Amino acid sequence: MRRWLCGLLALLLAATLFCCPALAYEPDFTVSSQAVYLENLDTGLVLYEKNASQRMYPASLTKIMTAILVLENVPDLDAASVAYPLWIQNMLYGTDASLGGLIVGERLTIRQLLYSALVQSGNESAMILAGYVGSGGNEDFMPRDITRFVEMMNDKAKALGCTGTHFTNPTGLHHQDHYSTAYDLAVMGKYAMKNATFAEVVKNYAVNLGATNKHDELWQYSTNKMLYPSSPYYYAPIVGIKTGSTDEAGRCVISQAEDGNYHYFCVVMGAPVTAAEPYQNFIETRQLYRWAFQNFSLRTLLEQGELMAEVPVKYSGDGKLAKLAVSADVVKLLQDEISLDSVLYSAEVPEWVEAPVAAGDKVGTLHIMLMGEEIGTADLVATQDFSLSWFRKAIGTIGELLSSPLAKVLFAVVVLAVVGYIIYMVRHNRKKRRRKYSNRNY
């Protein structure tokens, strides 16, 4: 009876996969940006996405990859310093590129250049870093070294699993073959934030790089207005990361926000620029975060030890049925308005298990379904020990051997042989008697 009910439930759950729409959340406001990706970092749940796999121009979001390669190829950010060459200034002249205010011949450490590239989005700083790393750490680098660095950028993107990305420069200046996706940039951004130095740099809205050979002090101010307490776009939970903007890309921003025990990551690309609102990217990012923080929470669906299924145990002297329970608390991020009664569970267990079985052994998997979509799984474990009865196993093994197809064939062969032998002996004895009677003398 229990098996029949489990089978029926599994059939109903399978049907919902075809009858119900995929689980999707929609914010209670209009998202005008062209591409968006919003993920809860605590659970990996993607709360919202819009054209997340569509190729977009990333503008200065590109510098996240530039920084990744610098951090992974320069072991000591303070040991070396590099001068700003004239030929980089000439390359940037007339491009309307964002600059860090460096003066040709100004010498900065790799760390100072990293702050300039990420905080103020200095394109000259990003190019100096690219040339230095691309040359293998040679201060007298050349344009070909920046080209080599771009090859490193593309190789790294592929290594991270970014299939919709191609770079042509380390800055994000517009080029038709320089593109990425909101999803790929989320992969890069989350990867970069695992580096403590990167995370420390991008949280600053203003930083003094100190004195150089050209400045008594060199200040860098963040392009991310969400970090400025005095800005109308300020949002306290924001801890970075990077903005980007060109005419072709529109307004873009990658950010991470932390509030209490909840952590979110958001990519907004292609936000429109209007006279009434030039920074729609900040507004929509803040709206998305507020929607997430205010409407979603971690919910305990099942507690460790809750019984969810049972399975027969072969050859055990301790009982015939193993009760299966979830191995740990099942906690999921759900929209607050969702009733836990709408969550369905389907146990995937074998037809039987063979003793010995120890308490805590994984026996099956519990599939957790919501609105026709699997939102997670949990291990099902035995709740008690089942020792092996050698007598039961011997009897069972013999029974299995006797009921096996081979045994049945052998039994049929033996029966046929016996029957054949009996028939042969009967006929042989008849012939023998006939010969005996025919040989008598009267």
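The values are calculated or read from the model by the stated rules, or taken from the named source; none is laboratory data. Computed from a predicted structure; not experimentally measured. As a convention, Cβ positions derive from the backbone with ideal geometry for all residues, glycine included, and neighbour counts pool all protein chains shown. Areas reflect the complete protein model, heavy atoms only, side chains present, ligands, DNA and RNA absent. Shrake-Rupley method; radii C 1.70, N 1.55, O 1.52, S 1.80 Å.
Mind checking whether some residue in the stretch 323-337 is under 22 Å from E39 (Cα atoms), in a loop (DSSP other than H, G, I, E, B), aliphatic (A, V, I, L, M) and open to solvent by 60 Å² or more (accessible area, probe 1.4 Å)?
No, the conditions are met nowhere in the stretch 323-337.
Identify, please: which residue in the stretch 269-296 is of a type in the set (S, T, Y) and open to solvent by less than 30 Å² (accessible area, probe 1.4 Å) and is, among those, nearest to T383 (Cα to Cα)?
This residue is Y289.
Can you find, within the stretch 212-261, the residue that is farthest from L298 (Cα to Cα) among those that are over 28 Å from the mean Cα position of the chain (by Cα) and of a type in the set (D, E)?
If we take residues in the stretch 212-261 being over 28 Å from the mean Cα position of the chain (by Cα) and of a type in the set (D, E), then D216 is farthest from L298 (Cα to Cα).
Output the residues belonging to the stretch 302-311 that are closer than 27 Å to L388 by Cβ and surrounded by 16 or more Cβ atoms within 10 Å (Cβ to Cβ).
Listed by number, the residues that qualify are M308, A309, E310, V311.
Return a yes/no flag: does the stretch 245-255 have any residue that is over 20 Å from Y48 (Cβ atoms), out of contact with any strand residue (DSSP E or B) (no Cβ under 7 Å at 6 or more places or on another chain), open to solvent by 70 Å² or more (accessible area, probe 1.4 Å) and not β-branched (V, I, T).
Taking every residue of the stretch 245-255 in turn, at least one turns out to be over 20 Å from Y48 (Cβ atoms), out of contact with any strand residue (DSSP E or B) (no Cβ under 7 Å at 6 or more places or on another chain), open to solvent by 70 Å² or more (accessible area, probe 1.4 Å) and not β-branched (V, I, T).
R111 versus (1) of a type outside the set (S, T, Y); (2) within 24 Å of G94 (Cβ to Cβ); (3) surrounded by fewer than 24 Cβ atoms within 10 Å (Cβ to Cβ): which is the lone unmet condition?
Of (1) of a type outside the set (S, T, Y); (2) within 24 Å of G94 (Cβ to Cβ); (3) surrounded by fewer than 24 Cβ atoms within 10 Å (Cβ to Cβ), only one is false for R111: (2).
How do the helices (runs of 4 or more DSSP H) wholly within the stretch 41-146 filter down when requiring 1 or more residues that are aromatic (F, W, Y) and touching a residue at least 40 places away in the same chain (Cβ under 8 Å): which remain?
86-92, 110-119, 123-134
Is there a residue being touching a residue at least 60 places away in the same chain (Cβ under 8 Å), over 26 Å from the mean Cα position of the chain (by Cα) and either in a loop (DSSP other than H, G, I, E, B) or closer than 23 Å to P27 by Cα (or both) anywhere in the stretch 279-290?
Looking through the stretch 279-290, at least one residue is touching a residue at least 60 places away in the same chain (Cβ under 8 Å), over 26 Å from the mean Cα position of the chain (by Cα) and either in a loop (DSSP other than H, G, I, E, B) or closer than 23 Å to P27 by Cα (or both).
What tally of residues in the stretch 170-199 results from selecting those that are more than 20 Å from the chain's Cα centre (by Cα) and crowded, with 21+ Cβ neighbours inside 10 Å?
Residues in the stretch 170-199 being more than 20 Å from the chain's Cα centre (by Cα) and crowded, with 21+ Cβ neighbours inside 10 Å: 6 in total.
Among the residues of the stretch 209-222, are any open to solvent by less than 30 Å² (accessible area, probe 1.4 Å), under 30 Å from T274 (Cα atoms) and either touching a residue at least 60 places away in the same chain (Cβ under 8 Å) or of a type in the set (S, T, Y) (or both)?
Looking for residues that are open to solvent by less than 30 Å² (accessible area, probe 1.4 Å), under 30 Å from T274 (Cα atoms) and either touching a residue at least 60 places away in the same chain (Cβ under 8 Å) or of a type in the set (S, T, Y) (or both), one finds at least one in the stretch 209-222, hence yes.
Pull out all pairs, ordered by first then second residue, where Cβ-Cβ is under 8 Å, the residues are six or more apart or on different chains, the first lies in the stretch 319-335 and is free of Cβ contacts under 8 Å to residues at least 40 places away in the same chain and more than 13 Å from F386 (Cα to Cα), and the second is open to solvent by 70 Å² or more (accessible area, probe 1.4 Å) and assigned to a loop (DSSP other than H, G, I, E, B).
These pairs meet every condition: D329/E303; D329/Q304.
So which residues in the stretch 257-290 are small (G, A, S) and at negative phi?
Of everything in the stretch 257-290, those that are small (G, A, S) and at negative phi turn out to be A257, A271, A275, A276.
Do you know which residues across the stretch 308-359 are over 26 Å from the mean Cα position of the chain (by Cα) and closer than 13 Å to A378 by Cα?
M308, A309, L324, A325, V349
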